[in-house]
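Undergrad: The structure is given below, and queries will be raised subsequently.
Each reported figure results from applying straightforward, stated rules to the coordinates on display, with no laboratory input. None of the values given here were measured: they were computed from a predicted structure. Counting neighbours? That spans all protein chains shown, and the Cβs are built from the backbone with ideal geometry, glycine included.
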Amino acid sequence: MPELLLAATALAAGYTLGRARLGTRTFDLASDTIDRPEVTRRTVRWWLCQVVFAVVVARLFITAPRRTAHQWRHRNDPPPPLGTAIVFDPDWAAKRGTEEASHDR
């Protein structure tokens, strides 16, 4: 019975930590902090934010190294060209009646 209680507690704790998303919240806090004008390279907060960013980049390289390296190499590539623009027929309503008549035959 104690093993079952321990397993249930571990599952509940894991679920709670997963829902809390502490990593995402920490990254968002660091990102918001670094955007403030009073935070410069001469402040401790700027350097603490850099540590958070380094941990995030390290995690990306550990969990998906090939994809992260590919995205890092191509981060400054120009966007792909756009496709051709869609052209609508201004007389579609007039032609609609003739097409329906030809299908009825």
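Undergrad: Kindly point out which whole DSSP H helices in the chain project their C-alpha atoms 24 angstrom or further along the helix axis while averaging a Kyte-Doolittle hydropathy of 0.5 or above. Let's see the in-between values first.
TA: On the way: long enough: 2-20 (27 Å, 0.88); 44-63 (29 Å, 1.70).
Taking the DSSP H segments of the chain (at least 24 Å long, mean hydropathy at least 0.5), we get 2-20, 44-63.
Undergrad: Running a GNM on the chain with Cα contacts under 10 Å, which residue among Leu22, Leu11, Leu82 ends up with the highest mean-square fluctuation?
TA: In the Gaussian network model the winner is Leu82.
Undergrad: In debye, nearest 20: dipole of the chain around its Cα centre with unit charges on the Cβ of K, R (+) and D, E (-)?
TA: With only Lys, Arg, Asp and Glu charged at Cβ, the dipole is about 760 debye.
Undergrad: Ok, one more. If the chain between Arg42 and Ile62 were fully stretched, how many nm would it gain, using 0.36 nm times the residue separation less the Cα-Cα distance? Kindly include the intermediate steps, with their values, before the conclusion.
TA: Working: separation 20, 0.36 × 20 = 7.20 nm, distance 3.03 nm.
The Arg42-Ile62 span can extend by a further 4.2 nm.
Undergrad: Please find the FRET efficiency linking Val55 to Ala13, where r is the Cβ-Cβ separation and R0 is fixed at 25 Å, and quote it to the nearest 0.05.
TA: For R0 = 25 Å, the calculated efficiency reads 0.70.
Undergrad: Using R₀ = 30 Å, calculate the FRET efficiency as 1/(1 + (r/R₀)^6) where r is the Cβ-Cβ separation of Thr33 and Ile86; round to 0.05. Each step should come with its number before you reach the end.
TA: On the way: r = 44 Å, r/R0 = 1.48.
Taking R0 as 30 Å, the efficiency between Thr33 and Ile86 is 0.10.
Undergrad: Still on this structure: What's the magnitude of the charge dipole for the range 22-74 around its Cα centre, counting Lys and Arg as +1 and Asp and Glu as -1 at the beta-carbon? Answer in Debye, nearest 20.
TA: Taking the Cα centre of the range 22-74 as origin, the dipole is about 260 debye.
Undergrad: Give me the distance in nm between label points sitting 7 Å out from Cα along the Cα-to-Cβ direction at Glu3 and Leu22, one decimal.
TA: My value for the distance between the label points is 2.9 nm.
Undergrad: In a shell of Cβ-Cβ distance under 13 Å around Pro65, excluding Pro65 itself, what net charge do Lys and Arg (+1) and Asp and Glu (-1) give?
TA: Working: positive: Arg59, Arg66, Arg67, Arg73; negative: none.
Net charge in that neighbourhood comes out at +4.
Undergrad: A follow-up question, please. Work out the charge dipole of the range 22-74 with +1 on the Cβ of Lys and Arg and -1 on the Cβ of Asp and Glu about the Cα centre, then indicate which of Ala30, Ile62, Trp46 is farthest towards its positive end.
TA: Sorting the options by dipole projection puts first Ile62.
Undergrad: Can you put Ile34, Ile62, Ile86 in order, fewest other beta carbons within 10 Å first?
TA: Arranged by neighbour count, lowest to highest, Ile34, Ile62, Ile86 become Ile86, Ile62, Ile34.
Undergrad: Considering only Ala93, Ala69, Ala12, give the residue with the highest GNM mean-square fluctuation for the chain, with springs between Cα atoms whenever their separation is below 10 Å.
TA: Ala93
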